[in-house]
C-alpha cells in the first residue's frame, strides 16, 4: 500500500479520468464536487472517499486549496482483503463515525512518524477498510482466545520491526480481523500496543539503570533518542532525564535531639 499527501490548487477542474489502483482518501482541508457515473457527491474536510480500481470520475474544486491523504492498494493486496472488506468494490464515501475517526488517526501517524508508525499505519488502514464495509452486526464482548496469543507475540517481539501480517499468521487469523479485535477488546491498534510496551520498558530502564538515554532508546526498539524522548514526555508528562532525577531524589535525613 502507498500512503501520500497531495494538495490541489483552488478552482481546479479535473476532467473525467480513472486510476489503476483502488484507493481511499481523507479530505483534510478544502472542498470539491466529484461526479462518478451518473452520481455526484460533495467532498469536504473530514469526508473519506473510497474509489474502486478503474472508477471513472471528474472533480471541480472550490475556491480554496484542497489537501488529501490518499491510500492506494496494489491488486495483490486488494485481493487478500476482499474476503473481509467489500468497501472498495464500488464507489462509497463516509462523513463522521468510526471511518472518519480512524482516518484522522491515520493522518496523524503519517505526519508524525516514529519507529512503530509502519505497523500503526498498516493496522489503521485495515481497520478503515473493515469499518467501511461493516453492516452493523452485533459485536461480541468476549475476546477470542487467539487475541491473548497475539498480544503475547507482540510482548515477546516489541523491540523488533514486526508487521500485522506476521502476527496474524502466527495466530491463524486475517490481518484485518486481528486489527479489528485489537481495537474492540484492547482499545488500541497493534502499533499503539507495541509503542506502549516500548515506553514501559524504557521507563523501567531510566529509573533502575545508569545506561544513557540513547542506549535505552535503542534497546527498547525506538529509532533514536529524540523519538523516545518525545513519546516518553507525551506518556508521562516529563522528559526521561527529569523522570530519572525525580526517581533518584533522596529524602532529607531528620535527626532528633
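Computed values, structure above
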{"item": "Scan of the stretch 34-43 for residues that are loosely packed, with under 14 Cβ neighbours inside 10 Å, touching a residue at least 12 places away in the same chain (Cβ under 8 Å) and assigned to a strand (DSSP E or B), ordered by number", "result": "39"}
{"item": "One residue from 82, 101 being under 16 Å from the mean Cα position of the chain (by Cα), without any contact (Cβ under 8 Å) to a residue 12 or more places away in the chain, surrounded by fewer than 18 Cβ atoms within 10 Å (Cβ to Cβ) and over 15 Å from residue 165 (Cβ atoms)", "result": "101"}
{"item": "Options 49, 87: the member that is within 13 Å of residue 23 (Cα to Cα) and modelled with pLDDT under 80", "result": "87"}
{"item": "Qualifying positions in the stretch 90-106 - at pLDDT 90 or above and in a loop (DSSP other than H, G, I, E, B)", "result": "none"}
{"item": "Among (1) over 20 Å from the mean Cα position of the chain (by Cα); (2) modelled with pLDDT under 90; (3) buried (at least 16 other Cβ atoms within 10 Å of the Cβ), the one test that residue 54 misses", "result": "(3)"}
{"item": "Output for the stretch 52-69, where each listed residue is assigned to a loop (DSSP other than H, G, I, E, B) and either touching a helix residue (DSSP H, G or I) at 6+ places or on another chain (Cβ under 6 Å) or closer than 17 Å to residue 10 by Cα (or both)", "result": "52, 62, 63, 64, 65"}
{"item": "Which listed residue, of 21, 68, 12, is in contact (Cβ under 8 Å) with a residue 60 or more places away in the chain and either buried (at least 19 other Cβ atoms within 10 Å of the Cβ) or over 25 Å from residue 96 (Cβ atoms) (or both)", "result": "68"}
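The values are calculated or read from the model by the stated rules, or taken from the named source; none is laboratory data. Just so we're clear, the structure is a prediction, and the values are computed from it rather than from any experiment. Neighbour counts run over all protein chains shown; Cβ positions are idealised from the backbone, glycine included.
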